[in-house]
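Enquirer: Can you keep this structure in mind? I'll have questions shortly.
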Amino acid sequence: MPLQEIEIPDSIKQLEYSSGAEHLIDTANEAIEAFMLADQTVIENFVTCDFHLVDQAISWIEQNHLLTGDRFCEWGAGFGVAAMLAALRGMQAVGIEIDQRLVNEANAVAESLDNPAQIHCGSFVPRDVEGLDEVASEVRNVDTDEDDMYDEIGIDIEDFDLFFAFPWPGEHGFFEHIFEACAASGSLLLTYRGREGMNLVQKV
Ligand SMILES: C[S@@+](CC[C@H](N)C(=O)[O-])C[C@H]1O[C@@H](n2cnc3c(N)ncnc32)[C@H](O)[C@@H]1O
């Protein structure tokens with residue numbers, strides 16, 4: 001099944017932040033800064049996206065009635081801020097992050113804010129995705145190990161309506177391949193592309 005790109009206009013930057021989003025982002029940013037200063041070992045693949053823009057992009061998706069349901073999954077969640085932003089507006093939100101230290105930090109932030117997002121430790125890469133080996137050989141900044149996370153979470157990958165990821169430059173194809181192979185028809189993949197902003201594709 002092909003992916004259809006949905007253009008998100010630049011004007012989303014003028015959208016108001018959702019209720020509680022700024023407090024969430026400020027709290028998470030403080031925790032991220034403290035963690036970075038305290039941690040002796042650098043987690044090479046961890047960088048944060050533009051959380052404000054994520055909030056605005058989700059608002060735009062909602063306003064345009066593009067969602068088929070309310071289940072949200074952040075692939076490579078880091079501090080899980082996108083998942084928490086989705087949970088804040090009532091979505092059933094989870095994050096999957098491979099580094100246990102980040103998972104602990106993310107869940108501590110969620111708990112401190114009474115935010116129901118759950119960040120799980122493991123790889124978001126499902127088992128036996130056809131053709132993924134070839135795409136994976138081009139990828140340097142994603143752990144390509146396969147895992148059973150969707151069984152552990154108790155939500156099938158086909159049951160999520162919106163995925164979010166922040167791929168490293170040139171590596172979004174890996175995320176799109178998994179999305180195209182495994183997600184439900186009608187679901188959405190939102191990716192942050194640095195200076196290029198947000199990219200949205202729908203499985204049709
Ligand atoms: C660029 S960071 C993005 C963090 C967060 N989503 C954000 O936008 O701020 C990518 C994260 O993906 C994690 N990661 C890499 N491969 C993974 C995998 N296979 N499964 C889960 N997490 C992974 C890294 O540890 C890192 O924290």
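The values are calculated or read from the model by the stated rules, or taken from the named source; none is laboratory data. Computed from a predicted model, the values in this text were never measured in an experiment. Cβ: placed from backbone, ideal geometry, glycine included. Neighbour counts: every protein chain shown. Each accessible area value is taken on the protein alone, full model and side chains, heavy atoms only, with ligands, DNA and RNA left out. Shrake-Rupley method; radii C 1.70, N 1.55, O 1.52, S 1.80 Å.
Enquirer: Rounding to the nearest 20 debye, state how big the charge dipole of the stretch 12-65 is about its Cα centre with +1 on each Lys and Arg Cβ and -1 on each Asp and Glu Cβ.
Expert: The dipole magnitude comes to about 160 debye.
Enquirer: Then there is this: DSSP loop GluC sites (Glu not before Pro) in the stretch 102-184 with at most 11 other Cβ atoms within 10 Å of their Cβ, which ones?
Expert: For GluC sites (Glu not before Pro) across the stretch 102-184 that sit outside H, G, I, E and B with at most 11 neighbouring Cβ atoms in 10 Å, the list reads E130, E138.
Enquirer: Here's another thing I want to ask about it. Return the distance in nm (one decimal) between the two label points of a simple spin-label model at I155 and Q63, each offset 7 Å from Cα along Cα→Cβ.
Expert: Output for this residue pair reads 2.5 nm.
Enquirer: Here's another thing I want to ask about it. For T27 and Q14, calculate 0.36 nm times their separation in residues minus their Cα-Cα distance, and state this gained length in nm to one decimal.
Expert: Length difference between fully extended and current span is 2.4 nm.
Enquirer: Any idea what the relative contact order of the stretch 3-203 is, in percent, if you count C-alpha pairs under 8 Å spaced at least 6 apart?
Expert: 23
Enquirer: Could you work out [θ]222 nm for the chain from helices alone, using -39500 (n - 2.57) per DSSP H run of at least four and dividing by all its residues? Round to the nearest 500 deg cm²/dmol.
Expert: Taken over the chain, the calculation gives -10500 deg cm²/dmol.
Enquirer: Pop the C-beta distance of M36 and Q100 into the FRET formula with R0 = 22 Å and round what comes out to the nearest 0.05. Kindly include the intermediate steps, with their values, before the conclusion.
Expert: On the way: r = 17 Å, r/R0 = 0.76.
Between M36 and Q100 the formula returns 0.85.
Enquirer: On the accessible surface of the chain, probed at 1.4 Å, how many percent belong to carbon and sulfur atoms? Write out the running numbers ahead of the final one.
Expert: Details: 4360 of 10130 Å².
Carbon-and-sulfur percentage of accessible area, whole number: 43.
Enquirer: Accessible area per residue of the chain at 1.4 Å probe, in Å²?
Expert: Heavy-atom SASA per residue in the chain reads 50 Å².
Enquirer: At a Förster radius of 25 Å, what calculated FRET efficiency corresponds to the Cβ-Cβ distance of A181 and R140, to the nearest 0.05?
Expert: 0.75
Enquirer: Let me cross-check M36: its accessible surface, 1.4 Å probe, with only protein heavy atoms counted, in Å² to the nearest 10?
Expert: Surface accessible to solvent at M36 totals approximately 100 Å².
Enquirer: Which shape class, rounded, prolate or oblate, goes with the stretch 16-135 when its Cα gyration tensor gives a ≥ b ≥ c as root eigenvalues, a/c under 1.5 marks rounded, and past that a/b bigger than b/c marks prolate?
Expert: Oblate shape, in that a/c is at least 1.5 and b/c is the bigger or equal ratio.
Enquirer: How many angstrom separate the Cα center of the stretch 169-204 from the Cα center of the stretch 1-57?
Expert: Comparing the Cα centres of the stretch 169-204 and the stretch 1-57, I get a distance of 16 Å.
Enquirer: Which of the listed residues, L189, L132, A57, is farthest toward the dipole's positive end in the stretch 3-203, when Lys, Arg count +1 and Asp, Glu count -1 at the beta-carbon?
Expert: Checked the options; the winner is A57.
Enquirer: Follow-up. Calculate, in nm to one decimal, what D128 and E196 gain on full extension: separation in residues at 0.36 nm each, minus their alpha carbon distance.
Expert: 21.3 nm
Enquirer: List the GluC sites (Glu not before Pro) in the stretch 10-43 that DSSP assigns to loop (not H, G, I, E or B) and whose Cβ has at most 11 other Cβ atoms within 10 Å. Which are they?
Expert: Working: sites: E16, E22, E30, E33; in loops: E16.
Of the GluC sites (Glu not before Pro), the ones in loops of the stretch 10-43 whose Cβ has at most 11 other Cβ atoms within 10 Å are E16.
Enquirer: Taking the Cα centre of the chain as the origin, how large is its charge dipole in debye, to the nearest 20, when only Lys and Arg (+1) and Asp and Glu (-1) carry charge on their Cβ atoms?
Expert: Its charge dipole is roughly 540 debye.
Enquirer: Given the whole protein assembly as supplied and a 1.4 Å probe, what does the accessible area of Y17 come to in Å², nearest 10?
Expert: Around 80 Å² of this residue is reachable by solvent.
Enquirer: If you don't mind, another one. On alpha-carbon atoms, Rg over Rh for the chain using Kirkwood Rh?
Expert: Taking Rg over the Kirkwood Rh, I get 0.93.
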